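Before I ask anything, here is the structure I am working with.
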Amino acid sequence: SQTIHQWPATLVQPVGSPLSLECTVEGTSNPNLYWYRQAAGRGLQLLFYSVGIGQISSEVPQNLSASRPQDRQFILSSKKLLLSDSGFYLCAWSVKGLGYTFGSGTRLTVV
Amino acid sequence: SQKIEQNSEALNIQEGKTATLTCNYTNYSPAYLQWYRQDPGRGPVFLLLIRENEKEKRKERLKVTFDTTLKQSLFHITASQPADSATYLCALDSDNFNKFYFGSGTKLNVKP
């Protein structure tokens, strides 16, 4: 069966510090991978998506970046966090024709 | 501009009644539309997917309709239960299923 792992569950980081969130998928090959962010009481904002290794599409200009070094690994990074980067970050995977499977999310608070 | 609109006000209904949630969109031409359930502090959970050439889809107590002329989807939960209380999100695809955009969700409260 397919599973998705996302960590850490919570993170408190000072402004200006770096960020690295990791997501790995098991039980599927060549999935589409996604990073979404959800602000408190808001909908999900698509940040990045990837249809293959090394292929990253960015949706929103920002100080975040994403990488896909392996087929089932997706990493979200920042060199210097801003207060506005706080939120609930969700990784997801999909195969065409099927719904997304989301990870359990990372609650990031930038202080 | 592109918009996906879901009622921001919570929907409060009595147990046993049918809940109907609405998703309206503008300036999208989705081939697929999905509905998700999200509980507080958790990631969304996939419920149903409907294609543009399908008018209606059912799964147990759930029913989704998709009207591409009205640019609207309706999500129904029949015989609602308190355990159905959650936020429900709709999502539309772009770029032939390569990415989905989400509405902000509607919170459903089912009272016993």
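Filter segment B:26-35 down to the residues that are closer than 15 Å to B:Leu70 by Cβ and more than 12 Å from the chain's Cα centre (by Cα) and list them by number.
Selection gives B:Thr26, B:Asn27, B:Tyr28, B:Ser29, B:Pro30.
Could you go through segment B:22-35 and let me know if any residue there is β-branched (Val, Ile, Thr) and surrounded by fewer than 17 Cβ atoms within 10 Å (Cβ to Cβ). Spell out the reasoning first.
If we filter segment B:22-35 for residues that are β-branched (Val, Ile, Thr), which is where we start, we get B:22, B:26.
Those still in the list that are surrounded by fewer than 17 Cβ atoms within 10 Å (Cβ to Cβ) too: B:22, B:26.
Looking through segment B:22-35, at least one residue is β-branched (Val, Ile, Thr) and surrounded by fewer than 17 Cβ atoms within 10 Å (Cβ to Cβ).
Would you check which residues across segment B:36-58 are within 14 Å of chain A (Cβ to nearest Cβ) and part of a loop (DSSP other than H, G, I, E, B) and list them? Full working, then the answer.
From segment B:36-58, those within 14 Å of chain A (Cβ to nearest Cβ) are B:36-54, B:57; that's our starting set.
The answer is B:Asp39, B:Pro40, B:Gly41, B:Arg42, B:Gly43, B:Pro44, B:Glu52, B:Asn53, B:Glu54.
Sticking with this one: Can you tell me which condition A:Val51 does not meet? The list is (1) more than 24 Å from B:Gly41 (Cα to Cα); (2) not in a strand (DSSP E or B), and all the others hold.
(2)
Right, another one. Which residue pairs have Cβ atoms closer than 7 Å, lie 6 or more positions apart in sequence or on different chains, and pair a first residue in segment A:85-101 that is facing chain B (nearest Cβ under 8 Å) and under 11 Å from A:Tyr36 (Cα atoms) with a second residue that is polar (S, T, N, Q) and surrounded by fewer than 19 Cβ atoms within 10 Å (Cβ to Cβ)?
none
Still on this structure: So which of A:Glu26, A:Glu59 ends up being more than 11 Å from every other protein chain (Cβ to nearest Cβ) and of a type in the set (Asp, Glu)?
Just one listed residue meets the conditions, A:Glu26.
In this structure, does A:Val60 turn out to be open to solvent by less than 60 Å² (accessible area, probe 1.4 Å), modelled with pLDDT under 95 and out of contact with any Leu (no Cβ under 7 Å at 6 or more places or on another chain)?
No; evaluated as a whole, the condition is false for this residue.
How about segment A:63-111: which of its residues are outside any strand (DSSP E or B) and open to solvent by 50 Å² or more (accessible area, probe 1.4 Å)?
A:Asn63, A:Arg72, A:Lys79, A:Lys80, A:Leu82, A:Leu83, A:Ser84, A:Val95, A:Lys96, A:Leu98, A:Ser104, A:Val111
Could you tell me which residue of segment A:13-23 is nearest to the other protein chains (Cβ to nearest Cβ), considering only residues that are closer than 12 Å to A:Tyr89 by Cα and open to solvent by 20 Å² or more (accessible area, probe 1.4 Å)?
In this case the residue turns out to be A:Glu22.
Mind checking which residues of segment A:102-111 are at the interface with chain B (Cβ under 8 Å from one of its Cβ atoms) and either touching a Lys or Arg at 6+ places or on another chain (Cβ under 6 Å) or of a type outside the set (S, T, N, Q) (or both)?
So the first thing to find is which residues in segment A:102-111 are at the interface with chain B (Cβ under 8 Å from one of its Cβ atoms), and the list is A:102-105, A:107.
A:Phe102, A:Gly103, A:Gly105, A:Arg107, listed by residue number.
Does any residue of segment B:59-73 turn out to be exposed (fewer than 12 other Cβ atoms within 10 Å of the Cβ), within 14 Å of chain A (Cβ to nearest Cβ) and over 10 Å from the mean Cα position of the chain (by Cα)?
Yes, segment B:59-73 has at least one match.
Is there any pair linking a residue in segment A:1-18 that is of a type outside the set (A, V, I, L, M) to one that is assigned to a strand (DSSP E or B) and open to solvent by 70 Å² or more (accessible area, probe 1.4 Å), with Cβ under 7 Å and at least six apart or on different chains, and which?
A:Gln2/A:Glu26; A:Thr3/A:Glu26; A:Thr10/A:Arg107
The values are calculated or read from the model by the stated rules, or taken from the named source; none is laboratory data. Worth saying up front: this structure is predicted, and the values here are computed from it rather than measured. All Cβ positions, glycine included, derive from the backbone under ideal geometry; neighbour counts span all protein chains shown. Ligands, DNA and RNA are stripped out before the accessible areas are found, and what is left, the full protein with its side chains, is counted by its heavy atoms. Shrake-Rupley method; radii C 1.70, N 1.55, O 1.52, S 1.80 Å.
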